[in-house]
Amino acid sequence: MGATGTAAGVTDDNVHMNGSIPSINGSLEDKVDELRRLLGKADGDPLRIVGVGAGAWGSVFLAMLQDAYVNFRDKVQIRIWRRAGRSVDRTTAEHLFEVINSREDVLRRLIRRCAYLKYVEGRLGDRVLYADEILKDGFCLNMIDTPLCPLKVVTNLQEAVWDADIVVNGLPSTETREVFQEISRYWKERITVPVIISLAKGIEAELEPEPRIVTPTQMINRATGVPMENILYLGGPNIASEIYNKEYANARICGAEKWRKSLAKFLRQPHFIVWDNGDLVTHEVMGGLKNVYAIGAGMVAALTNESATSKSVYFAHCTSEMIFITHLLAEEPERLAGPLLADTYVTLLKGRNAWYGQKLAKGEINLDMGDSIKGKGMIQGVSAVKAFYELLSQSRLNIPHPNESKRIAPVELCPILQTLYKILIMRELSCEGILQALRDETMNDPRERIEIAQRHAIYRPSLLIK
């Protein structure tokens, strides 16, 4: 039912001191109507937004939209797809029960929905809970401590996406191609072209016919045939649970101007500011690059007992490598410095890649467990280490050596990246190798690496085909 008058669900936070309720519905409805017009939606035909993948950020993103537009169900419908069959282990079920009982609002909601008993049975071990089942009640398996609003969950991919107007890609980059190849089969008879917003931060390296980076938006384009102008990337320095708890955050939606302006308005909330930018692929790659160095930061933190000095030494070297790499990838790398460093900073503080590096260094997890970790999801920095190393090792990208009259592969000037590759991919070194790399007396001053990037024309436009 459409929203008229005072909306159900308006909280005390929305009430002015004089008791009146501000006109929030008008602005929300205007944003919905603007996007509906842009997509050519007829009256009575709801705008269908579908999330594909239910990790922490994908789930939070859809839950925020559900919370914002819950009073306009006649105009916008939101659902999320995740695979069926993923069971919740007993330990997680016990912890989930504790979370439920610590939150009166969540407890009351489950009782009203007649859904509380199954969590009691899960706690006692009398029933197996499933990830798709608990997501319907607002619990993301990768983020149990942060209850979300209830979501409409679909486990059949065809049912989820066949009539979607906007698809939100919440899959890891390592799964994006395969799932969207399947989706493309269900879109063969479509007349209209959907809009796709990708949240994935990761890359692949393509070495033939020439070295280049392949991003998730490009994977989607290749898999589905949806034109790049209809595919956008949204990213920023954000931690999913904090955003849902209304910590102030910002992000950029990058892509064609036709869509990004209206989408930025539609997605913007008082605590979540969304800017827009036309440089899709470069921002997308930067989102993957910071994950590489976050893993090393976690290792250094664990191995030095959180030494501020050691972490600052690592930060100086990893940022100089990132700046060097941006000069290879972008004609105007200075424009990326702010967004890249902000995203790197928050990931080093609290991101899952830094967490992964810490746990590896402490011996609490090991490489044989893979890069999909229970309670955290996919650690995308691992595949990004492999991709960036392989790409920057190519002789076709050789650059002048800073001190000798010869040419070298760019990776030779990235000792942190080389070390992470030897630890995570080749398994030739233990985690302590990252400290040995930092203490290597032959390592150049980080400033020199930046000067090399600035002094020599190392930009390689072929690396990013936009």
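Summed over the stretch 328-350, the residues that are buried (at least 18 other Cβ atoms within 10 Å of the Cβ) and at pLDDT below 90 give a count of 11. Of all the criteria given as (1) out of contact with any helix residue (DSSP H, G or I) (no Cβ under 9 Å at 6 or more places or on another chain); (2) buried (at least 22 other Cβ atoms within 10 Å of the Cβ), the one not satisfied by residue 300 is (1). Reported count of residues in the stretch 62-96, each being buried (at least 18 other Cβ atoms within 10 Å of the Cβ), closer than 19 Å to residue 121 by Cα and without any contact (Cβ under 8 Å) to a residue 60 or more places away in the chain, is 3. The single condition from (1) more than 24 Å from residue 371 (Cα to Cα); (2) modelled with pLDDT under 95 that residue 202 fails is (1).
For the condition open to solvent by 10 Å² or more (accessible area, probe 1.4 Å) and closer than 30 Å to residue 191 by Cα, residue 275 does not qualify.
Screening residue 143 with (1) over 17 Å from residue 56 (Cβ atoms); (2) touching a residue at least 60 places away in the same chain (Cβ under 8 Å); (3) open to solvent by less than 40 Å² (accessible area, probe 1.4 Å) gives one miss only, at (1).
Could you list all residues from the stretch 236-258 that are under 13 Å from the mean Cα position of the chain (by Cα) and open to solvent by 20 Å² or more (accessible area, probe 1.4 Å)?
Once the filter is applied, which keeps residues that are under 13 Å from the mean Cα position of the chain (by Cα) and open to solvent by 20 Å² or more (accessible area, probe 1.4 Å), the stretch 236-258 yields 237, 238, 239, 241, 252.
Can you name the residue in the stretch 372-413 that is open to solvent by 40 Å² or more (accessible area, probe 1.4 Å) and part of a helix (DSSP H, G or I) and, of all such residues, is nearest to residue 199 (Cα to Cα)? By that ranking, first place goes to 386. In the stretch 430-466, the residue that is surrounded by the most Cβ atoms within 10 Å (Cβ to Cβ) out of those that are assigned to a helix (DSSP H, G or I) and among the charged types (D, E, K, R) is 449. Does residue 105 satisfy the criteria of being open to solvent by 40 Å² or more (accessible area, probe 1.4 Å), within 23 Å of the chain's Cα centre (by Cα) and of a type outside the set (Lys, Arg)? No. Restricting the first member to the stretch 182-198 and to residues that are farther than 30 Å from residue 236 by Cβ, and the second to residues that are open to solvent by less than 20 Å² (accessible area, probe 1.4 Å), the beta-carbon pairs closer than 8 Å and six or more apart or on different chains are 186/157; 186/161.
Residues of the stretch 351-367 that are open to solvent by 10 Å² or more (accessible area, probe 1.4 Å) and over 15 Å from the mean Cα position of the chain (by Cα): 355, 358, 359, 360, 361, 362, 363, 364, 365, 366, 367.
Here is the figure for the stretch 164-200: residues that are of a type in the set (A, V, I, L, M) and open to solvent by 50 Å² or more (accessible area, probe 1.4 Å) total 2. When the stretch 358-371 is filtered for residues that are in a helix (DSSP H, G or I) and closer than 22 Å to residue 305 by Cα, the ones remaining, listed by number, are 358, 359, 360, 361, 362, 367.
Please count how many residues of the stretch 120-134 are assigned to a loop (DSSP other than H, G, I, E, B) and open to solvent by 10 Å² or more (accessible area, probe 1.4 Å). Spell out how you get there, then give the answer.
Step one: of the stretch 120-134, the residues assigned to a loop (DSSP other than H, G, I, E, B) are 125-129.
Adding the requirement that they be open to solvent by 10 Å² or more (accessible area, probe 1.4 Å) leaves 125-128.
Summing the residues that are assigned to a loop (DSSP other than H, G, I, E, B) and open to solvent by 10 Å² or more (accessible area, probe 1.4 Å) in the stretch 120-134 gives 4.
Screening the candidates 152, 136 for the property of being over 28 Å from residue 370 (Cβ atoms), basic (Lys, Arg) and touching a residue at least 12 places away in the same chain (Cβ under 8 Å) yields one hit, 152.
Scanning the stretch 389-408 for residues that are closer than 15 Å to residue 449 by Cβ and either at pLDDT 95 or above or acidic (Asp, Glu) (or both) returns a single hit, 392.
The values are calculated or read from the model by the stated rules, or taken from the named source; none is laboratory data. Computed from a predicted structure; not experimentally measured. Positions of Cβ are generated from backbone atoms using ideal geometry, with glycine treated the same way; all protein chains shown enter the neighbour counts. Heavy atoms of the whole protein, side chains included, go into the accessibility calculation; ligands, DNA and RNA do not. Shrake-Rupley method; radii C 1.70, N 1.55, O 1.52, S 1.80 Å.
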